[in-house]
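Here the structure is laid out as structure tokens; the discussion comes afterwards.
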Amino acid sequence: MVIFISSNKTLLQRIESSYCELSVNGRKIADRLTHNPMDVARYSLADLAQLTQTSKATVSRFFSKLGYQSYQAAKQELLELRQQGYPLALGAPSNSDFEEELQRIRQTLENISSTMLEQLTQSICQASRVTIIGFRNSYPLALHFRQQLLQLRSDVSLLPQPGQTLSEELQDIAPQELFIVIGFRRRTKLFERLINTLPSKQVVLLADPSAQIYKEQVKFLLICQLGQTLALDSYAAPMSVISIICNNVLAKLGQPAQQRIESISKGFNALSEIE
């Protein structure tokens, strides 16, 4: 019997919906995948059959009963979920993760040309106001970016404010204002509308490769690698990019930025904020 499963359900939801109708061997596969769903992405059909002590034919029938056209279709679905930012691990943590982390940073920085960095630095220095926007997992990066730039120049703001909407804040966009939008995968539904609303020549977008669809709608696009193997995304690369940008801004602004840093330090002492 073929069980009809809605195609918009995830693998685990399909397993849960059809579990009672599965054969004994089908339940062996289901039990394995309930605890290790990314085995589908890691292993071939033959490997999964061996791991579950079943046969290739049984594994093939199992995925057919779940509503997939093939084992490969299920594999592709999981890979796409991971690419979208869904926290699923393609492999177990290992010592090679350190080298992969360094590779992500190298790959990210190598794709940012010196010309783009110089132009972006100039734009940040010359902007009448810099507004940094980030939602969800991008918000901490936006907050950090804002705190770094605020040490170097005035008129640096962060959006959205906690519990607030954006529309009020976007009513008075200055001609020389620069928006730095941070948008890593699993972006909110509002994100696309925001990009369409902001003046494209005033927008810098810092994001993962899936945001390349916005390339023609922004002035600068900085692509950062977050990784695909481990379940949780790495933000080491974007943090490195932010560090390099801010240090370039400091060098470009020169003495005024140094004077601002000294003034802030005096404020720390006056308010006894820093040990």
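Computed from point charges on the beta carbon alone (+1 for Lys and Arg, -1 for Asp and Glu), the dipole magnitude for the chain about its Cα centre is near 720 Debye. Candidates Phe220, Ile180, Ile244 compared by Cα position along the dipole of region 135-275: farthest toward the positive end lies Phe220, with charges placed on Cβ. What accessible area, in Å² to the nearest ten, does a 1.4 Å probe give for Val204? Using a 1.4 Å probe on the heavy atoms, I get roughly 0 Å². Using 0.36 nm per residue and subtracting the Cα-Cα separation, the extra length available between Gln217 and Gln72 on full extension is 48.7 nm. Assign one of three labels to region 216-256, namely rounded, prolate or oblate, based on the Cα gyration tensor with a ≥ b ≥ c the square roots of its eigenvalues; rounded applies when a/c is under 1.5, prolate when it is not and a/b is larger than b/c, and oblate otherwise. Taking the square roots of the gyration eigenvalues as a ≥ b ≥ c, region 216-256 is oblate. Net length available on complete extension from Gln122 to Leu109 is 2.8 nm, with 0.36 nm assigned per residue and the Cα-Cα distance removed.
Taking Cα centre as origin and charging only the Cβ of basic (Lys, Arg, +1) and acidic (Asp, Glu, -1) residues, the dipole magnitude of region 110-249 rounds to 220 debye. The simple spin-label model puts a point 7 Å past each Cα toward its Cβ; for Lys266 and Ile244 those points are separated by 3.5 nm. Once C-alpha pairs closer than 8 Å and six or more residues apart are averaged by separation and normalised to the residue number of region 1-80, the relative contact order reads 37 percent. Residue order by solvent-accessible surface for Thr54, Thr108 is Thr54, Thr108, largest first, with ligands and nucleic acids left out and a 1.4 Å probe. If R0 is taken as 22 Å, the Cβ-Cβ distance between Glu80 and Lys9 corresponds to a FRET efficiency of 0.95. In this structure, Glu16 and Ala57 have a Cβ-Cβ separation that, at R0 = 30 Å, corresponds to a calculated FRET efficiency of about 0.80.
The slack between Arg42 and Leu102, meaning 0.36 nm per residue of separation minus the straight C-alpha distance, is 19.3 nm. Here volume of the Cα convex hull per residue in Å³ was computed from the coordinates, and among (i) 139; (ii) 181; (iii) 127 the match is (ii).
Heavy-atom accessible area, probed at 1.4 angstrom with all protein chains present, ranks Asp47, Asp172 as Asp172, Asp47, highest first. A Förster radius of 41 Å, combined with the Cβ-Cβ distance separating Gln151 from Thr197, puts the computed FRET efficiency at roughly 0.90. The heavy atoms of Tyr139 offer some 60 square angstrom of accessible surface to a 1.4 angstrom probe. Place +1 on the Cβ of every Lys and Arg and -1 on the Cβ of every Asp and Glu in region 121-173, take the dipole about the Cα centre, and give the residue among Gln161, Gly134, Thr121 whose Cα lies farthest towards its positive end. With unit charges placed on the Cβ atoms, the residue in question is Thr121.
The values are calculated or read from the model by the stated rules, or taken from the named source; none is laboratory data. Note that the coordinates shown come from a computational prediction; the quantities given were computed from them, not determined experimentally. Virtual Cβ from ideal backbone geometry, glycine too; neighbours counted across all protein chains shown. All accessible areas refer to the heavy atoms of the entire protein, side chains included, with ligands and DNA or RNA removed. Shrake-Rupley method; radii C 1.70, N 1.55, O 1.52, S 1.80 Å.
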